[in-house]
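Readers should treat all values here as calculations from the given coordinates under stated rules, not as data from a laboratory. Note that this is a predicted model, so its numbers are computed, not measured. Every residue, glycine as well, gets a Cβ built from its backbone with ideal geometry; the counts of neighbours run over all protein chains shown.
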Amino acid sequence: MSLFDHSVQELHTLLQKKEVSVSDLVDESYRRIGEVEEKVQAFLTLNEEQARAKAKELDDRLAKGEETNPLFGLPIGIKDNIVTKGLRTTCASKILYNFDPIYDATVMERLNAAGAITIGKLNMDEFAMGSSTENSGFQLTRNPWDVERVPGGSSGGSAAAVAAGEVPFALGSDTGGSIRQPAAFCGVVGLKRRTDASRALASSRLPRRLTKSARLRARSKTTPTYCRR
């Protein structure tokens with residue numbers, strides 16, 4: 001059984017009870033990526049060195065009995081149109097191949113402050129213009145349930161990474177279905193909040209605001225059959 005067969009809430013409880021460590025969760029994420037990423041191709045950029053360093057820091061804080069919130073120490077994947085300071089952000093376009101942001105999107109500032117750990121940046125349709133993640137400038141992401149099929153889009157990397165158990169949840173963006181449609185294709189939960197809830201996301205994307213909301217997606221407790229082999 002993978003640690004990520006647990007829900008996000010259950011993982012938080014395990015951390016509070018000290019039955020697992022933050023480092024255990026980060027290790028599980030990169031272990032799983034190493035196992036299935038060649039087939040799924042959900043990630044464009046990994047953040048392994050920084051993620052492991054942050055996990056150690058958070059484990060030290062837990063050991064001191066620091067009070068935590070529900071996202072503390074949980075690994076998350078980030079759609080690659082969301083600006084991440086010091087971590088390449090391309091919008092899945094070769095035009096932005098070497099773009100290294102000097103600031104974080106508002107949503108990233110809040111996730112970082114909450115103690116979430118960025119595992120890496122996730123593939124998408126280039127500049128979010130598509131609904132299959134076939135239009136990435138870098139690679140084609142596969143549906144973990146059947147790698148001959150697409151995961152939907154434009155947040156296809158987010159949905160595929162969660163469905164494949166590479167991360168317990170991920171951030172996507174959605175104007176006309178770009179979270180909800182790939183969530184349906186990949187058998188995970190996709191949530192788009194009401195548009196007026198997106199006001200805090202003013203600095204979220206590149207090169208301009210391409211979508212109207214960025215929200216979390218989380219997996220069910222079922223892992224695609226091929227991933228168990």
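Computed from the C-beta positions of residue 2 and residue 110 and an R0 of 30 Å, the FRET efficiency is 0.65 to the nearest 0.05.
Normalised by the number of residues in region 3-220, the average gap of Cα pairs under 8 Å and 6 or more apart makes the relative contact order 22 percent. Backbone geometry of region 72-86 corresponds, through the Karplus equation with coefficients 6.51, -1.76 and 1.60 at θ = phi - 60°, to 3J(HN,Hα) couplings of 4, x, 8, x, 9, x, 10, 4, 7, 9, 9, 5, 10, 4, x Hz, x marking Gly and Pro.
Region 1-33 and region 73-122 have Cα centres separated by 21 Å. Extending 7 Å from the Cα toward the beta-carbon at both residue 134 and residue 85 defines two label points whose distance is 4.0 nm. Karplus-derived 3J(HN,Hα) values for region 20-37, using 6.51 cos²θ - 1.76 cosθ + 1.60 with θ = phi - 60°, are 9, 10, 4, 4, 4, 5, 5, 4, 5, 4, 6, 4, 5, 4, x, 7, 10, 5 Hz; glycine and proline are entered as x.
Mean separation of Cα pairs under 8 Å and 6 or more residues apart, divided by the residue count, gives region 1-108 a relative contact order of 22 percent. Search the structure for amide H atoms under 5 Å from the amide H of residue 125, placed 1.01 Å from N in the peptide plane, and list their residues when 5 or more places away or on another chain. Here 133, 156 satisfy the definition. Excluding same-chain residues fewer than 8 positions from residue 79, which aspartates and glutamates have a Cα within less than 18 Å of its Cα? Cα-Cα hits under 18 Å: 37, 48, 100, 104, 109, 125, 126, 134, 166, 174.
Given a Förster radius of 45 Å and the C-beta distance between residue 95 and residue 64 as r, what FRET efficiency does 1/(1 + (r/R0)^6) yield to the nearest 0.05? Before the final figure, lay out each step's value.
On the way: r = 45 Å, r/R0 = 1.00.
The formula returns an efficiency of 0.50 here.
Spin-label pair residue 31-residue 146: with each label point 7 Å from Cα along the Cα-Cβ axis, the two points sit 3.1 nm from one another. At full extension, residue 193 and residue 50 could sit 48.5 nm farther apart than now, given 0.36 nm per residue minus the alpha carbon distance. Here's the list of lysines a cross-link from residue 18 could span, going by alpha-carbon distance under 27 Å and ignoring same-chain residues fewer than 8 apart: 54, 56, 64, 221.
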